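*Asks:* First the structure, then my questions, so here it is.
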Amino acid sequence: MTLAVLPGAVIRRRITEVSRRLSRCRQELQVTEEQLGHFSDSEADAHLRSLVSETPLADREFRDAARQAEAMAGHRDRLRSEIAALEERLDELLDRLSSRRNP
């Protein structure tokens, strides 16, 4: 195997690694968005209960539910950012591989 072939193999291996990470992140994002929907519903329910009952316990439950929903939204946003970065990295690797094949 010549040295000229090796970088292409390295690029292909990195493409495979990035693609796998991207796939896992997309799956995790899908689960996270489903969970966020649940947490958002729980937050809305707790908010309504706190308004109706006007008790400290209901208010605390609402704040807890809001924190959980906020944390899940933050996780979702971080996943979206990671996916965007991985897509950009994958595009760069594919461009490098393509430019090696089409001088």
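The values are calculated or read from the model by the stated rules, or taken from the named source; none is laboratory data. The structure displayed is predicted, hence computed values, not measured ones. With ideal geometry, Cβ positions are generated from the backbone for all residues, glycine too; neighbour counts draw on all protein chains shown.
*Asks:* Working only within the stretch 55-103, note down all residues that are touching a helix residue (DSSP H, G or I) at 6+ places or on another chain (Cβ under 8 Å), modelled with pLDDT under 95 and either among the small types (Gly, Ala, Ser) or within 21 Å of residue 28 (Cα to Cα) (or both).
*Replies:* Listed by number, the list holds a single entry, 58.
*Asks:* Could you check how many residues of the stretch 57-86 are closer than 27 Å to residue 47 by Cα, surrounded by fewer than 16 Cβ atoms within 10 Å (Cβ to Cβ) and hydrophobic (A, V, I, L, M, F, W, C)?
*Replies:* Residues that pass the stated criteria total 3.
*Asks:* Another question, then. Using beta carbons and a limit of 7 Å, which pairs, at least six apart or on different chains, have the first residue in the stretch 61-78 and under 14 Å from residue 38 (Cα atoms) and the second one modelled with pLDDT of 95 or more and among the β-branched types (Val, Ile, Thr)?
*Replies:* If the second residue must be modelled with pLDDT of 95 or more and among the β-branched types (Val, Ile, Thr), the pairs left are 72/32; 76/32.
*Asks:* Right, something else. Does residue 77 qualify as being over 23 Å from residue 19 (Cα atoms) and out of contact with any strand residue (DSSP E or B) (no Cβ under 7 Å at 6 or more places or on another chain)?
*Replies:* Considered against the rule, which asks whether it is over 23 Å from residue 19 (Cα atoms) and out of contact with any strand residue (DSSP E or B) (no Cβ under 7 Å at 6 or more places or on another chain), residue 77 comes out as no.
*Asks:* Got at least one residue in the stretch 32-50 being outside any helix (DSSP H, G or I), loosely packed, with under 14 Cβ neighbours inside 10 Å and of a type outside the set (Asp, Glu)?
*Replies:* no
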